1. Within segment 52-72, restricting attention to residues that are among the charged types (D, E, K, R) and more than 19 Å from Lys3 (Cβ to Cβ), which residue is modelled with the lowest pLDDT?
2. Among residues belonging to segment 112-129 that are among the charged types (D, E, K, R), at pLDDT below 95 and surrounded by fewer than 19 Cβ atoms within 10 Å (Cβ to Cβ), point out the one that is nearest to Cys9 (Cα to Cα).
3. Got a sec? Which of Leu20, Leu103, Leu87, Leu27 is touching a helix residue (DSSP H, G or I) at 6+ places or on another chain (Cβ under 7 Å) and surrounded by fewer than 17 Cβ atoms within 10 Å (Cβ to Cβ)?
4. Give all pairs with beta carbons closer than 9 Å in which a residue from segment 64-88 that is of a type in the set (Phe, Trp, Tyr) meets a residue that is surrounded by 13 or more Cβ atoms within 10 Å (Cβ to Cβ) and assigned to a helix (DSSP H, G or I); count only pairs at least 6 apart in sequence or on separate chains.
5. Looking at Pro46, is it at pLDDT 95 or above and crowded, with 17+ Cβ neighbours inside 10 Å?
6. Determine, yes or no, whether Gly98 is in contact with a Ser or Thr (Cβ under 7 Å, 6 or more places away or on another chain) and not polar (S, T, N, Q).
7. Please state which of the following conditions Ala108 fails to meet, knowing it meets all the rest: (1) out of contact with any Pro (no Cβ under 9 Å at 6 or more places or on another chain); (2) surrounded by fewer than 18 Cβ atoms within 10 Å (Cβ to Cβ).
8. Taking segment 87-104 on its own, how many of its residues are over 14 Å from the mean Cα position of the chain (by Cα) and not in a strand (DSSP E or B)?
Amino acid sequence: MNKKILITCANYYEDISFDLLDSAKSLLPKNCVVKIINVPGVFEIPVTISKNLKKFDAFIALGCVIKGETPHFDFISQTTTDAIMRLSIESKKPIGNGIITCLNMEQAKARGKKGSEATKAVLAVLSQK
């Protein structure tokens, strides 16, 4: 599978992002061209993907949102997920959603393999005929 894949990784929680990125990269075929763009938070992922839609065959979105004491968590999680889905459908290109949404850091650390799940999803869609 000779495809160009962009991984957009939000580094707000660096330890979590590193684990997500590591697990995502572990499943990518060696003949894929992979570029990684780091962004400050998950809210910047959709616009980064949008700016690169014509340059890549598929995308992997990685990051973490942890619930705090305000509704910010709900707004960021929902708007980011909606934007990623809209971009994928409109462009007809797979975007693996490896953004984890958790109630606390312990849950986030336990879901560090979500990057590999997002990669599996992208590879499955790319292999469709």
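The values are calculated or read from the model by the stated rules, or taken from the named source; none is laboratory data. Quantities reported herein were computed from a predicted structural model and do not represent experimental measurements. Reconstructed Cβ throughout: ideal geometry from the backbone, glycine too, with neighbour counts over all protein chains shown.
1. Here the answer is Glu69.
2. Lys113
3. Of Leu20, Leu103, Leu87, Leu27, the one residue that is touching a helix residue (DSSP H, G or I) at 6+ places or on another chain (Cβ under 7 Å) and surrounded by fewer than 17 Cβ atoms within 10 Å (Cβ to Cβ) is Leu27.
4. From residues that are of a type in the set (Phe, Trp, Tyr), there are no pairs.
5. Yes.
6. Judged against the criteria, Gly98 is not a match.
7. Every listed condition holds for Ala108 apart from (2).
8. Residues in segment 87-104 being over 14 Å from the mean Cα position of the chain (by Cα) and not in a strand (DSSP E or B): 6 in total.
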